[in-house]
Amino acid sequence: GRVSKFEKKTALSNPPLPHSLPTLQSEASKKYDISPADTLKILQGLYEKKYTTYPRSDCSYLPESLYDNRERVLDAVRKTNREYESYRFDTSLKSQAWNTAKIEEHFAVIPTGEIPQNLSDEEQSIFDLVARRYAAQFLPPQEFATIVIEFDIEGEFFRAISRQCVKEGWHILYAKDTEEDEKEPETKIPDATTGEP
C-alpha cells in the first residue's frame, strides 16, 4: 500500500467562558453531585460573604471595566488553592470573555478578589469551579494537531483521522478531570508523505 494523502493542521481551542449560574449548576452536578438548588444556595452564601459576584446570572461574559481587577482576583484565587501557584498566568491576555456589549443585566459569576476564609467542603468546591473558569482566561489556547492520512492497499481505500494535543494551554487546569474521564487512549498517527509505502 501507499499513502495517497497526508494532511496535518493545527487547531486552537480557547478557554471556556466564565460560569453563568446554569453552567455552574451543570458542572457542580456532574463533578460533585451537588443539586442545582444546592449550588444556588451555596453560591448565594459565597456572594453574601463577598467572595463571588452576583449569583443569579445567565451571562458568561464580563464587562471590560473589570479587566483592571485581574491581578487582585488571581492573587485571591492562588491563595485559596495552592495548586494555582504552579501555573503561569499571563495577565496580558484578554480572552473573548471580556465583552461589555454582550452583557444585559448581569455578568458572569467570578471571584471578587476577597480571600475566602473558613469555607465548608461544598463551598470550597463551588468556589473552585468559579475560580478555575476565571483563571483559565489567563492561560493560552489549547493547541491540537489534526492529522488525516489516506492510503490504498491493493485497490482498497483506508482513512485514519487523529486529533493530538500539542500544547495543553488552559486545559492544564482541567487535566486531572480528563484523565479520569477518558475511556480511550489518544491514537497517534506518525507523520508521512504522499506516495510513501
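Listing for the model above:
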item: Whole-percent carbon and sulfur share, accessible surface of the chain, 1.4 Å; result: 47 percent
item: Probe 1.4 Å, accessible area per residue of the range 60-197, Å²; result: 60 Å²
item: log₁₀ of I(q)/I(0) at q = 0.07, 0.15, 0.17 Å⁻¹ - the chain, Debye sum with one point per alpha carbon; result: -0.29, -0.91, -1.10
item: Candidate lysines - alpha carbon under 30 Å from LYS9, same-chain residues fewer than 8 apart omitted; result: LYS94, LYS167, LYS176, LYS183, LYS188
item: Cα radius of gyration and Dmax for the range 82-197 (Å); result: 20.9, 69
item: Where labels lie 7 Å past Cα in the beta-carbon direction, separation of ASN99 and GLN44 in nm; result: 3.1 nm
item: Rg over Rh, two decimals, the range 63-117 (C-alpha only, Kirkwood Rh); result: 0.99
item: Alpha carbon Rg of the range 1-84, scaled by the compact-globule rule 2.2 N^0.38 Å; result: 1.61
item: Per-residue [θ]222 nm for the chain (sum of -39500 (n - 2.57) over DSSP H runs n ≥ 4, rounded to 500); result: -9000 deg cm²/dmol
item: Relative contact order of the chain, defined on C-alpha pairs under 8 angstrom at six or more residues apart (%); result: 35 percent
item: Using a Förster distance of 41 Å, the FRET efficiency for ASP152-ILE172 (Cβ separation, nearest 0.05); result: 0.55
item: Estimated FRET transfer efficiency (LYS188, ARG88; beta-carbon r; R0 41 Å; 0.05); result: 0.95
item: Spacing of the two label points (7 Å from each Cα toward its C-beta) at ASP75 and ALA11, in nm; result: 4.0 nm
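The values are calculated or read from the model by the stated rules, or taken from the named source; none is laboratory data. Values in this document were obtained by computation on a predicted structure and should not be read as measured data. Backbone-built Cβ (ideal geometry, glycine too); neighbour counts: all protein chains shown. Keep in mind that these areas ignore ligands, DNA and RNA; they rest on the heavy atoms of the full protein, side chains included. Shrake-Rupley method; radii C 1.70, N 1.55, O 1.52, S 1.80 Å.
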